[in-house]
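Structure first, then comments.
Values quoted throughout were computed directly from the atomic coordinates according to the rules given, and no laboratory measurement underlies them. Computed from a prediction, not measured in an experiment: that's the story for all the values here. Cβ atoms come from the backbone with ideal geometry, glycine included; neighbour counts cover every protein chain shown.
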Amino acid sequence: MVKQIDAGVLNVAYAEHGDPAGAPVVLLHGFPYDIHAYDVVAPLLAGRGHRVIVPYLRGYGPTRFRDDATPRSGEQAALGADLLALMDALGLGHALLGGYDWGGRAACIVAALWPERVRGLVSVNGYNIQNIARSGRPAAPETEWRYWYQYYFHGERGRAGLTQNRAALCRLLWRLWSPTWAFDDATYAATVGSFDNPDFVEIVIHSYRHRYALVPGDPAVAGIERRLAAQPPIMVPTVTLDGLDDGVMGIGETADDARHFTGWHEHRHIPGTGHNLPQEAPAAFADAILAVADRAA
């Protein structure tokens, strides 16, 4: 059952699993996915005594803004602020955090800037905090071609395309980013409705423009963005994961991330797995959470 709670600028929809008195774990999905990415992971962790909370991010599913005047920002600082506000609203003094893509970014931000609130972290694709000051520097051609969708969203043709073809476009990204994941129609159908959120398109477009310094951010989170510009280290116990078949993030692109993790850190490669790692390899993701929990105990 999906619950709702006012948290910061959002009314957040979230699923909850396990014992309410258990050690809390917050699991965060990415773009273009939703809470179903953790349909197997969450019960696995609940079965080990954890209280597991899986929210819909801003712009997804039933999550809504509380005020029509709030900017529909998709910038990284807004995602981090949302996560911190949710933890406050739920009364979580501290929690284990796990995520990938946008959700992994939010988890990395809270772990870096508010380490006292984070017992441990699992992040797919390593250190997910964007270095916006360096975003104008070209990457290797093998990397750049995989970012076609980001450049598409920089123009109004891309906004119109996402608006008109969001179901087909997002399904294409699932196939390209997880080329060895044989998901079926029912699996995609369980998630695609989340992209009908009235703020989905605006938040996605803003996210992929802001990370390249093409549009301004929300002044309310400008202070967080300034702190992130320093590329702060992550001191909490951390496991990072890479799917060896990830079609958007090459393994070499996260290989040097270890320098950002100044506490206990372990990196794992997961074979036969693409970008949506929790849904493709739930046991491996759950094992990483449990390893961090053991380390933090």
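Assorted remarks:
- A rounded overall shape is assigned to the chain, the ratio a/c of its alpha-carbon gyration tensor axes (a ≥ b ≥ c) being less than 1.5.
- Against the empirical 2.2 N^0.38 Å (N residues), region 158-272 has a Cα radius of gyration ratio of 1.32.
- Bridge type composition, the chain - antiparallel percent by DSSP, nearest 5: 35 percent
- Debye, to nearest 20: dipole size of the chain, +1 on Lys, Arg Cβ, -1 on Asp, Glu Cβ: 480 debye
- Selected from L176, L90, L57 as most flexible by GNM, with the chain as the system and alpha-carbon contacts under 10 Å: L90
- Rg and Dmax of region 167-220, Cα atoms only, in Å: 14.3, 42
- Per residue, the average separation of C-alpha pairs within less than 8 Å and at least 6 apart gives the chain a relative contact order of 23 percent.
- The chain, helix-only ellipticity at 222 nm - DSSP H runs n ≥ 4, -39,500 (n - 2.57), divided by all residues, nearest 500: -11000 deg cm²/dmol
- The charge dipole of region 188-297, taken about its Cα centre with unit charges on the Cβ of Lys, Arg, Asp and Glu (plus for the first two, minus for the last two), comes to roughly 400 debye.
- Loop-located trypsin sites (Lys or Arg not before Pro) across region 53-161 with a Cβ neighbour count of 15 or fewer within 10 Å are R66, with loop assigned by DSSP.
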